[in-house]
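Bear in mind that the values in this text are calculations on the coordinates, not laboratory data. Only a predicted model underlies this, so the values are computations on that prediction, with no experimental measurement involved. With ideal geometry, Cβ positions are generated from the backbone for all residues, glycine too; neighbour counts draw on all protein chains shown.
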Amino acid sequence: MTIMMTLRRLAPYLRQHAWAFWGGMLGLLAARLFEAAIPYFLKQGIDALADASHNDHSNEVLTNLIGPIALSIALCVIAQIVVTIISRILIRRIGVYVAFDLRNRLYQHLQRQGPNFYGRFPVGDLMARAINDITRVRELVAGTSRTTMVLIFTAIVGLLFMLSLSWQLTLAVILPAPLITYFAHRYAQRIFIRSQRTQEGFAELSTFVQQNLNGIRTVQAMAQEGREIERFAATNQTFADDNIALFRDSSAIGAIMPVIAGASTLIILGYGSFLYQSGDISIGTFTAFFSYLALLLWPIREAGTIVTQWQRGASGTARVFEILDFEPEIQDQGTPNHPELTGSIHIENLSYRYPNKDKDALTNLSLRVAAGQTLAVVGRVGSGKSTLLRLLVRLLEPTSGAILLDHRPIQDYPLPYLREKVCLVLQDPFLFADSLGDNIAYDNPERSHGEILDSASIAALTSTIEAFPEGLNTILGERGITLSGGQKQRAALARGIIRMSPLLVLDDCFSAVDTETEEHILSGLKNLRQGLTTLIVSNRVSTARHADTILVLDEGRLIEMGDHQTLLAKGGFYSDLERRQRLKEHDHEA
C-alpha cells in the first residue's frame, strides 16, 4: 500500500477530526516560523556587533539593538514551546481516536462474519491485526505524520529564510537533494515488504501461542511439550530473522542520509567562506546559515526513519483494511416490518454444499413443522444434521431451495431478530471466563436469580451449583475449564432454555449427559416449552423418541420421517439404530 493509498483509506477517519488536524498543522507551522526567526535575529545581532566593533558606539548598540533582539529571541522560544505543546496534543488526540474508531469498526465487522471467514483468518492473526496493526496506524497518524509535517515545514521555512539571506548559498546547499530522493525511493518498497512480513510473523506467532494454550491439556496428555517448544522456537526464530532484515534496511537508509547531509556542511564551509571573503554575505549571514543548516539537516537525518515508519504504518493499514474489505457471507436483508415469530417451519427442496466440496451436505430436503411441535433429527456422522441447524439461524446460506418461518422466507427477518427468536445451542459449548450465573444469563444480565435457578434446574445443573461454595457466583476458568464436559454442556443448555425463544435448536446437547439426566432434562423441556417449537439433533434413540416427528438423514438426504413407533415399524435405519443401542445398553448393564 503506497503512502497516498494509505492516506486515502484513512481520510474518512481523519475527516471526523478536521478541526484538530488543521489546528495541529497550523501550530506546527507557527512553531517552525518561530524557530526559524531565531537565527534571523541572531544574524542581526552579530552584524550589529561587527559594525559596532569598527566604531565607538558599542554601548549604544548593546542598549538600543542587542536588548530588543535578545528579548525577541526569548519570546520566539516561549511561543515555539507553547504552540508545539498544543499542536502535539491535538495531533496525538487524532491518533488515539482514529485507532478507537478503527477498533470499534473492526470489532463490529468481526461480529458479522461467518464460518468461511474464520476458517481463512486464524484468531491469533485477527488479534494481531486488532492490536498490533491498529497500533501501527495510531503511530502513523499521531507520530509519523506529525514528524513528517514538522520536517516539511522546517525545510520550507528554513529554505525561505535562507533564500532571503543568500540565494547563491541556498542553491548550493540543496545540491544533495536528488541523492536523498533516490535513496528514499530505493529503500521505501523494501522496507514496506520487510515490515509487512514482520507483522505477518507477529500474527503467526500470536496464532501459534493462542492455539497451543487453548489445547494445552491435549499437548500435556500426549506428552508433546518438547515438540511444541521446538515448533515455537522455529516460528520465533523466523520472526526474529524478519525483524533483523527490517532493521538492516532501516539502519542502512538511516546511516546513508546523515552522510549525504554532511555534504551540505562542507558546501557552507567552502562556498560560504568564499562568498564572505568576496563581500557577498556578512559574518552574521554566514553564522545564520549554519543555524538554518542545522534545521535542514535534521529532516535529512530523520528521512530514513520517517521512510521506515511510513512503510510500517502503510503495511499495518493494509492489513487492517484487508479485514474491513472482507464482505460478510451472510447479508442482513431483513425488513423492519414483520410479524412476531411463532415457530412454524417450512423447508422446500433445500440443498447446501460447502465451499471446495464436490458433493452436497444436504440435498433436496423438504419438511413441515407446525408451531409448538418437537422435531428430532438423527443420522450418521456427516449426514447433514448440524448443517441443517446452521441454515436455520443463517450461519450458512442455502445453495438452493428455501426456508420459511411462519410462511415468510428466512431472509425477510433481520439477523439480530432471527437469532434472538431462533436459539441455537451448539454441541461444543463455549463458556466465558465469568461467573456461572452470568454465563447462564448471558443474553440479559438483568435476569433475576430465580429465572437463572429455574433454567439451571431444567438443565439438571442444580446439584452442580449447590456443590460450589459460591453457587452461581462461582467464576469459571477460560472456556469453562473448571467444569466437566457434561457440566459445560448443561450450562450452555441452561443458557438456551432461559431465553424461551419460539424456536429452540439443540445440536446434540446430550452427548456428554447420562441417560437418567437426559430423561430429567427432556421431561422438563416438554413441560416448559408447551406451545413452543423445539428441534433436537441427537444420535440417541432415547432422545429422539420424545419428539413428535423424527427426521432421519443419510448423506444429506431424507430417508425416513415419522414418530418413534412408526419408524420402528418400518424396520429401516432408525429401527436398526434403536436395536443396536438397546443391545449396547443391555451389555453395559450386564
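Summary table
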quantity: Under the Debye formula (equal points on every Cα, no solvent term), log10 I(q)/I(0) of region 345-589 at q = 0.17 Å⁻¹; calculated: -1.32
quantity: With Cα atoms, 0 to 90° folded angle of helix 177-214 axis to the chain main axis; calculated: 30
quantity: Computed over the chain: relative contact order in percent, which uses C-alpha pairs under 8 Å that are six or more apart; calculated: 14
quantity: Sorted peptide list for 357-363, 388-394, 168-174, criterion being average Cβ within 10 angstrom, highest first; calculated: 388-394, 168-174, 357-363
quantity: Other-chain or far-sequence residues with amide H under 5 Å of GLY114's (modelled H); calculated: GLU329, ILE330
quantity: Tilt relative to the chain, helix 145-165 - C-alpha long axis, 0 to 90 degrees, to 10; calculated: 20
quantity: Long-range amide H partners of THR374 with built H, under 5 Å; calculated: THR534, ASP548, THR549
quantity: Rg(Cα) / (2.2 N^0.38 Å) computed for region 72-127, rounded to two decimals; calculated: 2.07
quantity: Degrees, to the nearest 10: 225-267 long Cα axis against longest axis of the chain; calculated: 20
quantity: Taking SER166, SER344, SER484, SER400 and counting other C-beta atoms within 10 Å, the order from fewest to most; calculated: SER484, SER400, SER344, SER166
quantity: Listed pairs LYS385/LYS421; LYS385/LYS570; LYS357/LYS584; LYS359/LYS526; LYS488/LYS584; LYS421/LYS570 exceeding 30 Å between Cα atoms; calculated: LYS357/LYS584; LYS359/LYS526; LYS421/LYS570
quantity: Region 320-369 - convex hull of alpha carbons, volume per residue in Å³; calculated: 139
quantity: For VAL320, VAL378, order by how many other beta-carbon atoms lie within 10 Å, fewest first; calculated: VAL320, VAL378
quantity: Ranking of ILE191, ILE78 by count of other Cβ atoms within 10 Å, fewest first; calculated: ILE78, ILE191
quantity: Region 447-571: radius of gyration over Cα atoms, expressed as a fraction of 2.2 N^0.38 Å; calculated: 1.17
quantity: Contact order normalised by residue count of region 345-589, Cα under 8 Å, 6+ apart, percent; calculated: 26
quantity: Loop-exposed GluC sites (Glu not before Pro) per DSSP, neighbour cap 14 Cβ within 10 angstrom, longest uninterrupted part of the chain; calculated: 1-339
quantity: For ILE281, net neighbour charge (Lys/Arg +1, Asp/Glu -1) across residues whose Cβ lies under 13 Å away; calculated: -1
quantity: Kirkwood hydrodynamic radius over Cα pairs of the chain, then Stokes diffusion coefficient at 20 °C and 1.002 mPa s, in µm²/s; calculated: 71
quantity: Convex hull of region 348-467 built on C-alpha atoms - directionally averaged projected area, nm²; calculated: 10.1
